[in-house]
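Report on the structure given below.
The values are calculated or read from the model by the stated rules, or taken from the named source; none is laboratory data. Predicted model, so just to flag it, every value in this text is computed and none were measured. As a convention, Cβ positions derive from the backbone with ideal geometry for all residues, glycine included, and neighbour counts pool all protein chains shown.
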Amino acid sequence: MNNAKPLLSDLQLLDILSLSNYAVAVHVTEDAVIQFANDAMLAIWGKGGSVIGKSLEEALPELKGQPFIDLFKRVWNEGITVSGTDTPADLKINGELKTFYFDYEYRAIKNAQGQTYAILHTAFDVTERYLGKEREQNLTEELRASNEELSAANEELNAANEELTQSQEALRKIYDELADSNARFRSMVSQAPVGICIIRASDLMVTDANDSYLELAGKKREDLENHTIWDAVPEAAEAYAPIMNEVISSGEAFIAREHEVMLIRNGVPENVFLDFVYEPMWQNEVVSAIMVLAIDVTDKVNARIEVQRAEELHRFSIDAANGATWHMDAETHEFTVSPRLREIFDLPPDGPVTYDNILSKIPADYHDSINQGIQASVAQNQSYTMEHPIVYADGSRRWVRASGKLYAAEGPRRAHFSGLILDITAQVESREAILNLNNELAAANEELLSTNEELNATIDELRVTRDELKQSQLEVEQSEEALRFALHAANLGTFDLDPATNRFKGNAMLKSWFGLGPDDEIEFSKAINIIAERDRNNVLSAIQDALNFRYGGHYDIEYTIINPLDPRPRYVRAKGQTLFNARQQPVRFSGTVQDITEERRALMELERSYEQERLSKEAAQLGTFDMDLLANTLEWDERCRTLFGISHKDPVSYDKDFLPGLHPDDRERVTDVIKDVFVKSVNNGNYDVEYRTIGADDQKIRWVRAKGKALFNEHDEPVRFIGSVLDITDQKQDDIRKSAFISMVSHELKTPLTSLKAYVQLLGAKARKDSDHFAAGALGKVEVQVNKMHNMIDGFLNLSRLEAGKIQLNKTSFDLSDVVKDIMDETLLLGATHAIKLLPCESISVFADKDKIGHVISNFISNAIKYSPRGSNIDVNCEKTGNNIKVSVKDEGVGIKSQDLSKLFDRFYRVENANTQHVSGFGIGLYLSAEIIERHHGKIGVESEPGSGSTFWFTIPVNK
Ligand code: ADP
């Protein structure tokens with residue numbers, strides 16, 4: 001082979017080109033006449049070979065209006081090459097116009113002279129690629145947009161997330177706080193000194209109860225919690241279920257004060273007094289639960305009842321002694337006296353009384369010793385007792401025993417003097433009378449005196465106790481109001497200490513106790529200063545201990561608050577509990593403070609009055625009895641038992657101990673008296689009687705004075721009978737000894753006197769016969785005196801007969817007016833010193849003991865003569881009224897003071913004053929008269945005005 005390479009012919013080349021997949025066409029002229037187009041180009045055009053030789057516009061008319069035909073022109077004319085990628089062209093394929101995309105080139109093919117002789121047209125259908133890219137672009141766009149949205153959403157989500165975290169944080173805090181406050185509330189409830197119980201309103205289920213409540217109700221926790229309240233405490237259901245239902249439906253709290261409730265505590269029924277509140281608790285405007293707050297006030301109520309009882313006893317004791325009392329404020333010297341004192345000192349019934357008023361009634365020679373006595377008693381802080389007389393305007397005297405004491409200020413009570421004055425005239429007189437009669441009897445009087453002294457001291461103490469009891473009662477009453485409020489949940493002071501900051505918080509109640517307003521801050525150090533000094537350190541160390549994990553966090557202490565704005569000390573009981581975190585550090589210390597001032601006071605008062613009552617009773621040897629007529633029980637204290645000679649300690653009863661213990665001679669009388677005591681209308685329940693007892697164990701006879709009172713319910717039925725008894729055996733024995741002595745003397749005198757009288761009468765007759773006028777007159781006077789003496793001795797003898805129970809009535813029918821006339825005649829025979837007049841007296845027949853009634857009348861007349869001036873008038877009157885006849889003797893004599901009137905008929909009682917001291921007598925005439933009239937079932941009495949005379953009278957039934 002030579003170096004001539006084998007070359008393809010033009011046709012061969014065209015054939016090969018026509019087979020290429022790459023679309024190729026060759027155009028000539030500026031109209032782009034198609035010179036050549038391979039199959040691929042024809043396929044693009046959608047035409048057959050017929051297009052060869054045609055201009056492009058002819059071959060593809062759809063290109064009109066598209067840029068390609070012009071582009072060919074420019075390529076041809078300017079000899080340039082244009083190309084494009086992804087260029088759209090609308091072509092009609094199979095009669096349908098469609099957009100295709102091409103990468104194309106129109107290249108001018110030039111000859112050596114640079115003239116264009118053909119245009120090489122290549123094209124590559126990129127429709128597929130283009131559309132794919134477009135789709136991809138659209139997708140990317142969409143993706144971007146959605147990405148954007150997504151990121152916005154993400155942002156929102158983030159923000160929402162943030163919020164969520166925040167609110168979760170807040171929620172967690174709230175939860176924490178809630179848990180904290182719940183814990184605090186629970187801890188407060190659990191350790192509150194007030195019983196607290198929470199009852200669900202819908203089914204009355206007990207959901208919560210604190211220890212105090214369990215203790216108060218006397219139930220176990222498992223018996224209460226998750227039971228309905230009335231299943232747990234059925235004994236209270238009847239009374240309180242309707243009330244609780246009402247609280248639930250009305251939403252109004254129910255407050256009970258001192259309700260007496262029967263509770264079965266630990267299986268044992270007990271009557272207790274409760275203060276309690278049913279407090280509705282609200283949720284969504286309905287009552288969701290009832291909070292029961294309860295305090296057991298049994299002790300307080302009992303204390304008050306006891307105080308009342310003790311006071312009643314004191315009153316009897318003072319009454320029994322008929323004492324007068326006075327009271328003087330040590331600061332203001334304000335002086336208050338009892339009505340009885342005015343009576344004793346003869347002072348006007350009202351208007352102020354001063355110490356000098358009183359002193360002026362006492363003889364001057366006693367003043368020094370009285371003042372000294374008082375001063376000494378103040379200096380030694382002891383009571384004083386002294387005896388002195390009182391001199392009245394008319395010169396008469398009475399004796400009193402005065403005692404008193406200075407009492408230091410205590411609590412709300414100011415310093416004061418209190419004292420007691422007893423009229424002891426009778427004692428002093430009887431003492432003197434006996435001294436006159438016999439020295440031996442004087443010794444007995446000493447005993448009487450000492451008994452009286454004891455009585456006096458007792459009554460003194462009783463009097464003081466009574467004042468204090470009054471005060472205590474007042475305070476108890478005042479406190480009731482306070483307590484009622486204290487019950488309301490708000491009335492517990494509450495405190496809360498944050499140990500981290502030492503910030504101290506409290507409710508308004510607590511602040512007010514510490515002298516702060518509701519909005520004031522509590523400064524710990526200042527609050528501590530308000531606590532009484534003696535308690536301060538205790539409180540501080542108790543708080544320290546409470547904050548110490550090792551000691552369990554409990555806090556329970558009582559202390560006194562002395563608030564500068566309120567000088568009254570306030571006793572409080574504080575209870576609390578510390579909450580510790582896991583590291584055993586205190587995180588919260590909270591609790592309650594309860595005002596216990598009133599309980600403390602009442603308790604102290606009670607203790608004091610008990611002690612005083614005990615001391616007083618001991619000093620007075622006063623016994624007490626207390627009979628519950630509903631429960632049919634009788635209580636006797638030790639002294640009372642001694643008086644009935646009982647040594648055992650078992651319960652006593654009216655039938656087994658009281659009745660058999662009475663002396664048989666007194667039994668009927670005493671039981672009759674008690675029968676009357678139980679009928680309110682008779683004597684308003686007052687009881688005052690003297691009787692003998694025979695000791696159950698020792699058979700000893702004792703004299704007793706009993707004084708008391710029956711208490712009635714609203715139907716006037718007796719429910720309780722209480723009082724005191726005093727041993728008066730010694731006094732009685734004195735009286736008996738005195739009577740024995742008198743009776744002995746009288747018997748001894750009676751015989752010689754009788755013969756003396758006979759001799760005087762004999763001598764008188766002889767003198768008259770001898771006309772010895774002097775001797776006859778003198779003997780007449782002797783006879784009058786002998787008769788007087790005779791009458792006196794008769795009186796004594798009657799007395800002893802009376803006391804020996806030997807006076808018998810010897811009743812006959814007689815005309816009373818005759819008896820009166822006989823006595824008057826006899827009296828006139830003795831010498832007409834007075835103008836005695838018998839007012840017209842019809843004849844009245846009576847059935848009575850003639851001698852004894854006569855004795856009464858002659859006693860009245862001889863007294864009228866004795867106690868009125870010579871020559872004055874004496875009127876004797878008798879009249880019949882209904883079934884009674886009344887005899888009266890009226891004189892114009894010295895008269896009798898009202899204070900003496902009631903005692904005239906007592907044995908040995910004499911009014912001692914300037915008018916009577918020269919009149920002889922023993923004070924037994926009226927006593928005998930009263931005994932005689934009583935045995936006739938009559939009445940005896942006197943009306944009198946000092947200075948203007950007296951009228952003594954008696955009545956007896958006509959036919960008895
Ligand atoms: P006696 O006259 O022996 O003292 P009575 O028992 O008869 O005893 O009287 C008691 C007292 O009553 C007398 O001491 C006297 O003070 C007072 N009394 C009695 N009658 C009168 C009278 N008519 N006027 C004033 N006082 C009288």
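Of all residues in the stretch 742-753, exactly one satisfies the criterion of being over 18 Å from ASN787 (Cα atoms) and surrounded by fewer than 17 Cβ atoms within 10 Å (Cβ to Cβ), namely MET744. The helices (runs of 4 or more DSSP H) located wholly in the stretch 486-551 that include 1 or more residues which are closer than 30 Å to PHE254 by Cβ and in contact (Cβ under 8 Å) with a residue 12 or more places away in the chain occupy 508-513. Of the residues that sit in the stretch 83-133 and are among the hydroxyl-bearing types (Ser, Thr, Tyr) and modelled with pLDDT under 85, which one is nearest to ILE44 (Cα to Cα)? Checked the stretch 83-133; the qualifying residue nearest to ILE44 (Cα to Cα) is THR127. Screening LYS886, LYS880 for residues that are in contact (Cβ under 8 Å) with a residue 60 or more places away in the chain and out of contact with any strand residue (DSSP E or B) (no Cβ under 6 Å at 6 or more places or on another chain) leaves exactly one candidate, LYS880. Go through the residues of the stretch 680-690 one by one and say whether even a single one is small (Gly, Ala, Ser) and either under 27 Å from GLN731 (Cα atoms) or touching a strand residue (DSSP E or B) at 6+ places or on another chain (Cβ under 6 Å) (or both). Yes, some residue in the stretch 680-690 is small (Gly, Ala, Ser) and either under 27 Å from GLN731 (Cα atoms) or touching a strand residue (DSSP E or B) at 6+ places or on another chain (Cβ under 6 Å) (or both).
In the set LEU347, LEU341, only one residue is under 23 Å from GLU912 (Cβ atoms), in a loop (DSSP other than H, G, I, E, B) and not charged (D, E, K, R); that residue is LEU347. If you go through the stretch 542-549 one residue at a time, do you hit one that is in contact with a Gly (Cβ under 7 Å, 6 or more places away or on another chain), under 16 Å from GLY493 (Cβ atoms) and surrounded by 15 or more Cβ atoms within 10 Å (Cβ to Cβ)? So far as the stretch 542-549 goes, no, none of its residues is in contact with a Gly (Cβ under 7 Å, 6 or more places away or on another chain), under 16 Å from GLY493 (Cβ atoms) and surrounded by 15 or more Cβ atoms within 10 Å (Cβ to Cβ).
If you go through the stretch 509-522 and keep only what is surrounded by 15 or more Cβ atoms within 10 Å (Cβ to Cβ) and not basic (Lys, Arg), you end up with MET509, LEU510, SER512, TRP513, PHE514, GLY515, LEU516, ILE522.
Taken together, the residues in the stretch 869-890 that are surrounded by 15 or more Cβ atoms within 10 Å (Cβ to Cβ), away from the ligand (no atom under 14 Å from the Cβ) and small (Gly, Ala, Ser) amount to 0. Of all the residues in the stretch 497-508, those that are under 30 Å from the mean Cα position of the chain (by Cα) and buried (at least 19 other Cβ atoms within 10 Å of the Cβ) number 1.
The set of residues in the stretch 901-932 being buried (at least 21 other Cβ atoms within 10 Å of the Cβ), more than 53 Å from the chain's Cα centre (by Cα) and among the hydrophobic types (A, V, I, L, M, F, W, C) consists of ILE924, LEU926, LEU928, ILE932. Please verify whether ASP734 is farther than 30 Å from VAL679 by Cβ, out of contact with any strand residue (DSSP E or B) (no Cβ under 9 Å at 6 or more places or on another chain) and crowded, with 18+ Cβ neighbours inside 10 Å, treating the condition exactly as stated. Spelling it out, ASP734 is indeed farther than 30 Å from VAL679 by Cβ, out of contact with any strand residue (DSSP E or B) (no Cβ under 9 Å at 6 or more places or on another chain) and crowded, with 18+ Cβ neighbours inside 10 Å. I'd like to check something: does the stretch 831-844 contain any residue that is in contact with a His (Cβ under 8 Å, 6 or more places away or on another chain) and within 13 Å of the ligand (Cβ to nearest atom)? Within the stretch 831-844 (the criterion being in contact with a His (Cβ under 8 Å, 6 or more places away or on another chain) and within 13 Å of the ligand (Cβ to nearest atom)), the answer is no, since none of the residues qualifies. Checked against the criterion of being part of a strand (DSSP E or B), in contact (Cβ under 8 Å) with a residue 60 or more places away in the chain, touching a Lys or Arg at 6+ places or on another chain (Cβ under 8 Å) and under 30 Å from LYS732 (Cβ atoms), the candidates PHE922, PHE954 yield just one match: PHE954. All of LYS897, LYS852, LYS903, LYS866 fail the test of being under 17 Å from LEU926 (Cα atoms) and more than 11 Å from the ligand (Cβ to nearest atom), apart from LYS852.
The set of residues in the stretch 916-948 being within 8 Å of the ligand (Cβ to nearest atom), under 15 Å from GLY895 (Cβ atoms) and of a type in the set (S, T, N, Q) consists of THR916, SER944.
Within the stretch 184-293, which helices (runs of 4 or more DSSP H) (wholly inside it) include 2 or more residues that are of a type in the set (Ser, Thr, Tyr) and within 26 Å of the chain's Cα centre (by Cα)? Helices (runs of 4 or more DSSP H) meeting the threshold: 211-217. Which members of the stretch 698-714 meet the condition of being under 17 Å from GLY645 (Cβ atoms), assigned to a loop (DSSP other than H, G, I, E, B) and of a type in the set (D, E, K, R)? Within the stretch 698-714, ASP698, LYS700 qualify.
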